[in-house]
Each structure stands twice: as structure tokens, then as C-alpha cells.
Amino acid sequence: PSFEKTLNNLTFLKFFKDTIDYSTKTFDQLFIRDKFYDGFVLYRKYSRKDVFRILNWKQNPLAQNVGGYIISTDKSNCPIFVNYHKADNISNSTKYEDGFIDNTEFKWMSKSKRTLNSPDVMTIMNYKRGLRIPLFIKKSNDEGTEFYFMGDVTPKEESFEPTTMLNDKMKSVSVVRMILSMNHPVEDAIYSYITSEID
């Protein structure tokens, strides 16, 4: 009722319609039907907030809870966020050995202090129960806070491998390495851009 009352204000109504028209035209210009997959357009940039909105999360999770990935409470999706070329000054426990093997496969590591029996790893292993895994990558932190949508991925079941990495105290911590198959091979231009070294 309060919104309906506000619409009686002709100045508000004019600006409201203008906002809708602008949003619709912007969407139409950016929308590419054959690259649209369940809310995301391949190789378009999205902020984490955009990602959680599009995946229909009830609220935006705290950044420290996300890290490189987070599984929704209903276990319907697990967006992965990768900073491809990591800065030298980040903590050892976040220097994950993530990277493309080629344009169809991506090697990826779970968060540290994880084993094959960790709940998040087990959920990813059991992805066939309906877990969607969209992959988002930015070349480096110099690109800001937005990530390219690279498409959805499927874990290779035989690739889950427990291993270790060194933390800041130079002690080994457990981590799980796996290979993710790209549901759509990555196009050459974006693949070359992301994987090429930073000058």
C-alpha cells in the first residue's frame, strides 16, 4: 500500500519508469542468449554480492566465511571464487595451487585444514545430489572485486586427493586437491588473458 501511494507522485513515477527502462535496455545490450546459463552470462564480470543474489541466497554471507568458496545451506550451489595470479604477500595458507590444466580442466584445492571426510569436501564429492558449482575467476587483485563467470564445473570423482600445504608457521596443514571439468571449454581469448603472466 505504501508503494502504491508513492506511485501517485508523478515525479517519482517518472524517475521510477526511467530506471526500469534503463535497466531493461542495459540488460538487452549485455544479454547473449547462447552464453546464458542459469542466471549468468559466460565471461561476464560479477561481484560476489551479484553472485549470491543471482543464486537466490537469502542474505549475502560475510566475506571471511566465503574464502574461496561457500556451500549454500540447502546444498544446492557452491560458487567458487579464484584469484588466479596470487600476490606474493598473502598468507601461505591461502596460496592454493589453483590453475587451468587446459581449457577443459581446472585443478583446484579446498580450503586448508580439510580432509576427504570434511563436510564441505564430502558435499562437493557428492555433487550428483544436486549441487551446482559455478566457477568465477579474476586474473589478479589488480582487477578489483569482480570475477569472470567461467561456467559451471563438474568434479572428476577419481581426482580427489588428500595432500598438504605449509602454513605461515611452516607447518603442514591438510588440504584436498581435485580436478574440475569445465562444462563448456573456455574460449581461447579469455583463457589466454587469465593464464598469461602479469608483467
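The values are calculated or read from the model by the stated rules, or taken from the named source; none is laboratory data. Since we're looking at a predicted model, the values are computed, not measured. Please note: Cβ atoms are built from the backbone with ideal geometry, for glycine as well, and neighbour counts cover all protein chains shown. Note: accessible area is taken over every heavy atom of the protein model, side chains too, but ligands, DNA and RNA are not part of it. Shrake-Rupley method; radii C 1.70, N 1.55, O 1.52, S 1.80 Å.
I'd like to check one number: the per residue accessible area of the chain, probe 1.4 Å, reported in Å² as a whole number.
On the way: 12290 Å² over 199 residues.
About 62 Å² of surface per residue is accessible.
Relative to the compact globular guide of 2.2 N^0.38 Å, what is the alpha carbon radius of gyration of the chain, as a ratio?
Numbers: Rg = 19.7 Å, N = 199, 2.2 N^0.38 = 16.4 Å.
The value comes to 1.20.
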Relative contact order (%) - the stretch 117-174, alpha-carbon pairs under 8 angstrom, separation at least six: 26
With a 1.4 angstrom probe the carbon and sulfur portion of accessible area for the stretch 16-105, in percent, totals 49
Please tell me the relative contact order of the stretch 1-85 in percent, rounded to the nearest whole number, where contacts are Cα pairs under 8 Å and at least six residues apart. 12
Please give the helix 10-30 orientation as an angle from the longest Cα principal axis of the chain, in degrees from 0 to 90, rounded to the nearest 10. 40
Partners for K86 among lysines (Cα-Cα distance below 23 Å; same-chain residues under 8 apart left out): K45, K49, K95, K107, K111, K113, K138, K139, K169, K171
Using the charge dipole of the stretch 1-121 (Lys, Arg: +1 at Cβ; Asp, Glu: -1 at Cβ; taken about the Cα centre), state which of F12, W108, Y22 has its Cα farthest towards the positive end. F12
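Rounded, prolate or oblate: which fits the stretch 1-76, taking a ≥ b ≥ c as square roots of the Cα gyration tensor eigenvalues, rounded meaning a/c under 1.5, else prolate when a/b beats b/c?
On the way: a/c = 2.93, a/b = 1.55, b/c = 1.89.
Oblate shape, in that a/c is at least 1.5 and b/c is the bigger or equal ratio.
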